[in-house]
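Engineer: Next up is a structure, given as structure tokens.
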Amino acid sequence: MPAVRLIGPNNEQLGVVPTQRALAHAQDLGYDLVEIAPNSTPPVARILDFGKYRYAEQQKAKEAKKRQRSVTWKEIRITPKIDEHDIETKIKSASKFLDEGDKLKVTVRFRGRELAHPDRGRVLLLQVADRLKDHGIVERMPLLEGRSMIMVMNPVRRDAQGAPTPPPPSTTTPPAPAAGAPAPRPAGPAAAPATRPAAAAPASASRPAAAPVAAPAPKPTAPAAPPQTASATPPSAPRPASTLPAAPSAAPRKRTN
């Protein structure tokens with residue numbers, strides 16, 4: 001190649017230079033000249049330490065290999081006359097394989113005259129797929145191959161399923177209480193229980209205090225009563241002096257022989 005686009009050891013752009021000149025410049029700096037983009041025009045070369053560059057590339061490849069997951073095939077085999085308990089055991093094993101990310105092949109083997117009724121195997125495989133719908137999806141429907149019927153299932157990708165979003169808060173008003181039902185009490189501090197009055201307390205103590213009553217308006221004065229006659233003297237009045245009995249004399253009487 002006559003010329004290359006040269007990149008310095010500190011990622012600086014040195015422009016398009018002849019190849020021999022770029023190689024001499026890399027040797028003067030104590031580095032190697034490595035072609036990193038051969039398909040571009042002109043090719044891109046970089047001045048760097050080739051040993052460190054190769055080690056960094058190996059580490060990148062190793063990390064990429066760790067993130068890769070090889071596809072592993074798992075298989076379960078059943079017969080058209082399988083018992084319910086046995087098929088439950090097969091279902092548990094199949095769900096474990098699918099949860100681990102493996103592909104699953106479910107095979108129904110026909111023996112003897114069982115091949116005359118392939119529909120029984122197809123119904124059985126569809127039942128298995130229905131039980132495993134939470135763990136995998138059917139990639140290939142049941143297909144008869146020789147004396148076996150095969151169905152392929154893929155695991156469900158858990159990372160593709162988004163997190164369930166919480167439902168928005170409901171703004172609907174609560175329903176009205178039914179007729180005859182007690183009305184709900186408002187939330188608040190609990191009311192203190194009412195105390196019963198003492199049995200021996202007087203009746204006046206349990207009565208509420210009377211509100212102050214305004215003073216009554218002055219009543220109009222009544223007319224004076226007419227004067228009474230002398231004969232209508234009340235019994236409590238003192239009698240005249242002429243009617244009182246005479247008081248006995250205080251002088252002693254003289255006794256005659």
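The values are calculated or read from the model by the stated rules, or taken from the named source; none is laboratory data. The shown structure was predicted, so the numbers you read here are calculated from the model rather than taken from an experiment. We work out accessible area using only protein heavy atoms, side chains counted, and drop any ligands, DNA or RNA first. Shrake-Rupley method; radii C 1.70, N 1.55, O 1.52, S 1.80 Å.
Engineer: Report the accessible area of residue 143, computed with a 1.4 Å probe over the heavy atoms of all protein chains in place, in Å² rounded to the nearest 10.
Structural biologist: 80
Engineer: Could you pull out every one of the lysines with an alpha carbon less than 18 Å from that of residue 60, ignoring same-chain neighbours closer than 8 positions?
Structural biologist: Within reach: 52.
Engineer: Could you look at segment 5-100 and say what percent of its accessible area is carbon and sulfur, using a 1.4 Å probe and all protein chains?
Structural biologist: 48
Engineer: Semi-axes of the equivalent ellipsoid for segment 1-141, please: Cα gyration tensor eigenvalues, times 5, square-rooted, ordered largest first, whole Å.
Structural biologist: Semi-axes (√(5λ), whole Å): 64, 16, 11.
Engineer: Using a 1.4 angstrom probe on the protein heavy atoms only, could you order 97, 50, 110 from most to least accessible area?
Structural biologist: Details: 97 50, 50 90, 110 5 Å².
Reading off the accessible areas and sorting them downward yields 50, 97, 110.
Engineer: Rounded to the nearest 10 Å², what accessible area does residue 88 have for a 1.4 Å probe in the complete protein model?
Structural biologist: Residue 88 has an accessible surface of roughly 80 Å² with all protein chains in place.
Engineer: Then there's this: Compare 49, 83 by solvent-accessible area with a 1.4 Å probe and give them largest first, with all protein chains kept in place.
Structural biologist: Working: 49 70, 83 90 Å².
Greatest to least solvent exposure: 83, 49.
Engineer: Sticking with this structure for a sec: Take the Cα atoms of segment 1-75, find their three principal axes, and give me the spread along each one in whole Å, biggest first.
Structural biologist: Projected onto its principal axes, the Cα set of segment 1-75 covers 62, 26, 18 Å.
Engineer: In square angstrom, rounded to the nearest 10, how much accessible surface does residue 5 have for a 1.4 Å probe?
Structural biologist: Approximately 90 Å² of residue 5 is accessible to the 1.4 Å probe.
Engineer: In square nanometres and to one decimal, what's the mean projected area of the convex hull around the Cα atoms of segment 96-142?
Structural biologist: So the mean shadow area of the Cα hull is 3.5 nm².
Engineer: Please report, in Å, the Rg and the Dmax of segment 45-127, where both are computed over Cα atoms only.
Structural biologist: Values for segment 45-127 (Cα only, Rg and Dmax): 23.7, 75 Å.
Engineer: Straight-line reach from residue 105: which lysines have Cα under 18 Å away, leaving out those fewer than 8 places along the same chain?
Structural biologist: Those lysines meeting the cut-off are 74, 90, 92, 96, 133.
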